[in-house]
Amino acid sequence: MVRVLKAGKSQEELTKNSLEVSKIVANAIQEIESRGDEAVREFSEKFDKWSPEAFRLTEEQIKEIVAQVPAEVIEDIKFAQKNIREFAEAQLASMNDVEVENIPGVILGHKNIPVSSVGCYIPGGRYPMVASAHMSVLTAKVAGVKRVIACTPPINGEIPNATITAMYLAGADEIYLLGGIQAMAAMAIGTETIQSVDMIVGPGNAFVAEAKRQLFGRVGIDLFAGPTETLVVADETADAEMIATDILGQGEHGPTSPGALITTSEKLAYETVEEIERQLKVLPTADVARVSWDDYGQILLVDSIEEARVEADRLAFEHVEILTADPNYFLENMTNYGCLFLGPETNVAYGDKVIGTNHTLPTKGAARYTGGLWVGKFIKTVTYQKVTPEASAYIGEYAARLCQLENFAGHAEQALLRVRRYGKKA
């Protein structure tokens, strides 16, 4: 039996907020589609107070920015990028072209072809999301994408030097100091000065996420990445300090970031509530984390580890930390999550910043049907077929009858033409 000790906002409240965001985004996209660079500049001035001579940074400007970044920061960025690159390369190596002859004379295959151009969004705002440059730009480059452009907003009218440096080191072909809806729409639609791309990727706030949703179809996207979600599954072997730290550590992302605890221990549940209140008194980002916990925090008390797994799969959260006696049980049995963090030695921050797995992950239940951003998201698996004349005549007879079964006379004639042309009596 599941007992809800704490619940977040209702679905009705969440839907209302989404509708308001949707209207704002739709208007902005329409303006940018109609007026191009002029509208992009207006939105940039309005939302970011940023209107440079050109949004794209020149090679000279980029090198000047990189030169201002401390050596230790550059080394840290390179360390993270090495881990992310090596994991992406290992993923790429698992993707193979296929060719089989399933019937004599019938050759079927698939090829893995990188997307030609990708636009990567690296969030700014309250936090300069340096790591998002590694996760998107670098992964696209490992996949073999020829043109990768990257956008990030200025922060309080200033250039985010570390973020630009990470974009550059990751291999971005074009770097734009441009944020929000205007960046997503410009990359997807194209303007007089920004050539459109085939795919847009990267996390962002509610407006960026909604822009991706509305632009999907016109361009490809990685996935719908909403506010970050963190679930901790714990038994009596876990401790409240770690649970509270890891939930609040992600809650600081934004006031709409859900944090949840599923536990078999009622004692641990109440200890965690007390510990969260204690940490909120000293956490520098408590102004944000407090709202996320009060409005979106959940605590579920369950009777068994098996029931915890069922509830965790139902929530299908982006990040799932397993703090139980046997974390591997969840690796072997859980199916709906963006990334698993197994045992107390690891945590979501490792995945967000440095360890090598990608931090752009499914939210809002999307983990039920998709994984996160990885090298394969930038690759199209396309099929082909080659057939000998004899095999064509053989296949054609089956194809014709199956087409006639569905009343597709024109389809059937395609097959029958081959039967007549390549058959034994021809």
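For segment 344-354, check the following and say yes or no: at least one residue is of a type outside the set (Ser, Thr, Tyr), over 17 Å from the mean Cα position of the chain (by Cα) and open to solvent by 50 Å² or more (accessible area, probe 1.4 Å). Yes. Of the listed requirements (1) part of a loop (DSSP other than H, G, I, E, B); (2) crowded, with 21+ Cβ neighbours inside 10 Å; (3) touching a Gly at 6+ places or on another chain (Cβ under 8 Å); (4) not small (Gly, Ala, Ser), Glu192 misses just one: (2).
Scanning segment 76-102 for residues that are touching a residue at least 24 places away in the same chain (Cβ under 8 Å) and under 22 Å from Lys377 (Cα atoms) yields Ala80, Gln81, Asn83, Ile84, Arg85, Glu86, Phe87, Ala88, Glu89, Gln91, Leu92, Met95. All of (1) open to solvent by 20 Å² or more (accessible area, probe 1.4 Å); (2) part of a loop (DSSP other than H, G, I, E, B); (3) on the phi < 0 side of the Ramachandran plot hold for Gly372 with one exception: (1).
Within segment 231-247, the set of residues being touching a strand residue (DSSP E or B) at 6+ places or on another chain (Cβ under 9 Å), β-branched (Val, Ile, Thr) and within 20 Å of Asp352 (Cα to Cα) comprises Val232, Val233, Ile243, Ile247.
Please enumerate the residues belonging to segment 238-258 that are under 28 Å from the mean Cα position of the chain (by Cα) and outside any loop (DSSP other than H, G, I, E, B).
Passing the criteria: Met242, Ile243, Ala244, Thr245, Asp246, Ile247, Leu248, Gly249, Gln250, Gly251.
If you go through segment 197-212 and keep only what is in a helix (DSSP H, G or I), open to solvent by 20 Å² or more (accessible area, probe 1.4 Å) and in contact (Cβ under 8 Å) with a residue 24 or more places away in the chain, you end up with Ala206, Phe207, Glu210.
Among the candidates Leu283, Leu300, Leu261, single out the residue that is of a type in the set (A, V, I, L, M), farther than 21 Å from Arg3 by Cβ and not in a helix (DSSP H, G or I). Give the steps one after another, and end with the answer.
On the way: Leu300 fails: farther than 21 Å from Arg3 by Cβ; Leu261 fails: farther than 21 Å from Arg3 by Cβ.
Residue meeting the stated conditions: Leu283.
Could you tell me whether segment 58-65 includes any residue that is more than 24 Å from the chain's Cα centre (by Cα), aliphatic (A, V, I, L, M), modelled with pLDDT of 95 or more and open to solvent by 50 Å² or more (accessible area, probe 1.4 Å)? The answer is no, given that none of the residues of segment 58-65 is more than 24 Å from the chain's Cα centre (by Cα), aliphatic (A, V, I, L, M), modelled with pLDDT of 95 or more and open to solvent by 50 Å² or more (accessible area, probe 1.4 Å).
Annotation note: Cβ proximity below 6 Å between a residue of segment 390-418 that is more than 15 Å from Gly105 (Cα to Cα) and a residue that is among the polar types (S, T, N, Q) (sequence gap 6+ or interchain) occurs for Ala412/Gln404.
Please work out if Ala172 is open to solvent by 10 Å² or more (accessible area, probe 1.4 Å), in contact with a Cys (Cβ under 9 Å, 6 or more places away or on another chain) and touching a residue at least 12 places away in the same chain (Cβ under 8 Å). Yes. Scanning segment 52-75 for residues that are touching a residue at least 12 places away in the same chain (Cβ under 8 Å), under 20 Å from Met129 (Cα atoms) and not hydrophobic (A, V, I, L, M, F, W, C) yields Arg56, Gln68. One residue stands out in segment 353-369 among those that are small (Gly, Ala, Ser) and part of a loop (DSSP other than H, G, I, E, B): the one that is nearest to Glu75 (Cα to Cα), namely Gly356. Answer yes if at least one residue in segment 104-119 is surrounded by 16 or more Cβ atoms within 10 Å (Cβ to Cβ), over 27 Å from Leu223 (Cα atoms) and within 28 Å of the chain's Cα centre (by Cα), and no otherwise. Within segment 104-119 (the criterion being surrounded by 16 or more Cβ atoms within 10 Å (Cβ to Cβ), over 27 Å from Leu223 (Cα atoms) and within 28 Å of the chain's Cα centre (by Cα)), the answer is no, since none of the residues qualifies.
Restricting attention to segment 282-296, the residues that are of a type in the set (Val, Ile, Thr), open to solvent by 20 Å² or more (accessible area, probe 1.4 Å) and within 16 Å of Gly8 (Cβ to Cβ) total 1.
The values are calculated or read from the model by the stated rules, or taken from the named source; none is laboratory data. Just so it is clear, the model here is predicted, and its values are computed rather than measured. Virtual Cβ from ideal backbone geometry, glycine too; neighbours counted across all protein chains shown. To get the accessible areas, we keep the full protein, side chains included, count just its heavy atoms, and leave off ligands, DNA and RNA. Shrake-Rupley method; radii C 1.70, N 1.55, O 1.52, S 1.80 Å.
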